[in-house]
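Only one structure is covered here, and it is reproduced in the block below.
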Amino acid sequence: MTRAAWREQIAAMAFLTPALICFLAFLVAPLIATAVFCLMEIDRFTFGMTYVGLDNFRYVFEDARFWKTFLNTFQFIAMAVVGNVGLGLLLAGLLDRALPSALRYFLRLAYFLPVLIATAFVSYIWKFLFDFDLGAINYYIRLLGLPPVGWLTDTRIAMASVVIMDVWKHVGFFMLILLAALQDVPRELREAAQVDGAGPVRIFVSVTIPCIAPALLFCVAYATIGGLQVYDSMRILTNGGPGDATRSVVMYMFSEAFGAGELALGAVSAFTLLIVIAVIVAAQMWISRRWIR
């Protein structure tokens with residue numbers, strides 16, 4: 001190898017070293033530590049560790065509250081994915097048409113603006129709007145002569161209330177991605193389908209959906225992974241209540257690790273969540289390779 005090639009190799013390593021150190025320090029090391037904690041009994045005062053094998057997994061998996069939080073999380077995901085991706089696709093379809101430029105840019109900005117606001121700030125605003133006694137929503141419901149709704153206190157409605165806030169905040173992000181995908185659909189394909197006598201619904205199902213399938217799959221996977229990690233909005237809006245009706249698996253992990261001081265049980269919850277996310281990402285890659293061209 002020539003001297004110039006050696007210099008290029010050294011320069012490449014010098015540029016890669018900071019990123020590699022960050023990768024090892026903030027991803028690999030915590031992952032290894034979490035895996036080790038799962039197999040230990042950790043003294044919360046002395047931080048002394050004793051090997052206990054799979055006892056921590058057994059304890060967490062036999063805890064009905066853990067599975068309740070997993071069920072809550074997937075319930076949230078089901079509603080949030082349908083709301084974010086479905087409404088995002090609808091809004092993208094409405095904006096993918098001839099509109100005055102100023103109106104088009106204003107609508108894009110209006111829908112995307114909530115994405116830029118911190119989730120904690122949005123959650124406090126919606127907590128005020130959902131308030132049973134002083135909330136603006138119940139105020140107008142009372143004006144209509146209807147009984148107020150326990151948006152955050154009724155076990156049947158609390159999860160839907162969290163989803164409403166989540167969709168309001170994130171739908172603009174999915175709308176932009178799907179709008180870009182819609183604008184990449186060749187006009188010639190739609191026009192050819194129209195010439196063949198296809199209606200708007202047939203064109204949308206047979207032409208548009210296949211063309212935007214990669215973007216749709218990305219949106220579903222992104223919303224699903226985000227839903228698995230939901231914490232701050234539920235923490236602020238309901239604190240997991242009423243009862244455990246809106247407690248997510250991340251809230252369970254946080255309460256075990258930092259509330260009860262059981263770091264090992266929190267690590268088991270985090271490790272289980274990591275495996276679930278890895279399975280979803282693998283499924284996304286498999287579907288993408290098998291069905292999307």
message: Per residue of the stretch 69-83, what does 6.51 cos²θ - 1.76 cosθ + 1.60 with θ = phi - 60° give for ³J(HN,Hα)? Whole Hz please, x for Gly and Pro, Karplus curve as stated.
response: 5, 5, 4, 4, 4, 6, 5, 4, 4, 4, 6, 5, 5, 4, x
field: Between the stretch 89-145 and the stretch 194-227, the Cα center-to-center distance that results, in Å
entry: 25
- line: For the chain, using Cα atoms only, the Rg and Dmax in Å read 24.2, 85
Derived scalar couplings ³J(HN,Hα) [the stretch 47-64; Karplus, 6.51 cos²θ - 1.76 cosθ + 1.60; whole Hz; x for Gly, Pro]: 6, x, 10, 10, 5, 10, x, 9, 4, 5, 4, 4, 5, 5, 5, 8, 8, 4
- request: Whole number in Å², please: accessible area per residue of the stretch 90-164, 1.4 Å probe, ligands, DNA and RNA not counted.
  value: 64
- prompt: If you add up the charges near LEU134, with Lys and Arg at +1 and Asp and Glu at -1, over every other residue whose beta carbon is less than 13 angstrom from its beta carbon, what do you get?
  reply: 0
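Report the calculated FRET efficiency for LEU143 and SER206 (r = Cβ-Cβ distance, R0 = 45 Å), to the nearest 0.05.
Working: r = 47 Å, r/R0 = 1.04.
It comes to 0.45.
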statement: For the stretch 142-293, averaging the sequence separation of alpha carbon pairs under 8 Å that lie six or more residues apart and dividing by its residue count, the contact order in percent is 24
query: By how many nm would the segment from PHE132 to VAL281 lengthen if fully extended, with 0.36 nm per residue of separation less the alpha-carbon distance?
result: 49.7 nm
- request: Calculate for the chain the 222 nm mean residue ellipticity that helices alone would give, adding -39,500 (n - 2.57) per DSSP H run of length 4 or more and normalising by residue count, nearest 500 deg cm²/dmol.
  value: -21000 deg cm²/dmol
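For the stretch 85-202, which whole-number percentage of the solvent-accessible area (1.4 Å probe, protein heavy atoms only) is attributable to carbon and sulfur atoms?
Values: 4850 of 7080 Å².
Here carbon and sulfur together make up 68 percent of the probe-accessible area.
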message: Treating only the Cα positions of the stretch 34-97 as identical point scatterers, give the base-10 log of I(q)/I(0) from the Debye formula at each q in 0.29 Å⁻¹.
response: -1.09
- line: Sorted by chain and number, the residues with a modelled amide H under 5 Å from that of MET40, at a separation of 5 or more or across chains, are VAL52
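Express the relative contact order of the chain as a whole percentage, based on alpha carbon pairs under 8 Å and six or more residues apart in sequence.
Values: 310 pairs, mean separation 78.8, N = 293.
Reported relative contact order: 27 percent.
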query: Roughly how much of SER206 is accessible, in Å² to the nearest 10, using a 1.4 Å probe?
result: 60
query: How many nm separate the modelled label positions at TRP67 and TRP6, each set 7 Å beyond the Cα in the direction of the Cβ?
result: 6.4
task: Determine the relative contact order of the stretch 234-293: mean sequence separation of Cα pairs under 8 Å and six or more apart, normalised by residue count, in whole percent.
output: 19
field: Using a Förster distance of 30 Å, the FRET efficiency for ALA14-LEU116 (Cβ separation, nearest 0.05)
entry: 0.25
message: Given the whole protein assembly as supplied and a 1.4 Å probe, what does the accessible area of LEU24 come to in Å², nearest 10?
response: 80
- request: Using the Karplus curve 6.51 cos²θ - 1.76 cosθ + 1.60 with θ = phi - 60°, work out ³J(HN,Hα) for each residue of the stretch 137-153 in order, rounded to whole Hz, and write x for Gly and Pro.
  value: 5, 5, 4, 6, 5, 5, 4, 7, x, 9, x, x, 10, x, 4, 10, 10
message: Need one number: nm distance between label points at ASP154 and ARG44, each 7 Å from Cα along Cα→Cβ, rounded to one decimal.
response: 3.7
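The values are calculated or read from the model by the stated rules, or taken from the named source; none is laboratory data. The shown structure was predicted, so the numbers you read here are calculated from the model rather than taken from an experiment. Every residue, glycine among them, receives a Cβ derived from its backbone with ideal geometry; neighbour counts consider all protein chains shown. Side chains are part of the model used for accessible areas, which takes the heavy atoms of the whole protein and leaves out ligands, DNA and RNA. Shrake-Rupley method; radii C 1.70, N 1.55, O 1.52, S 1.80 Å.
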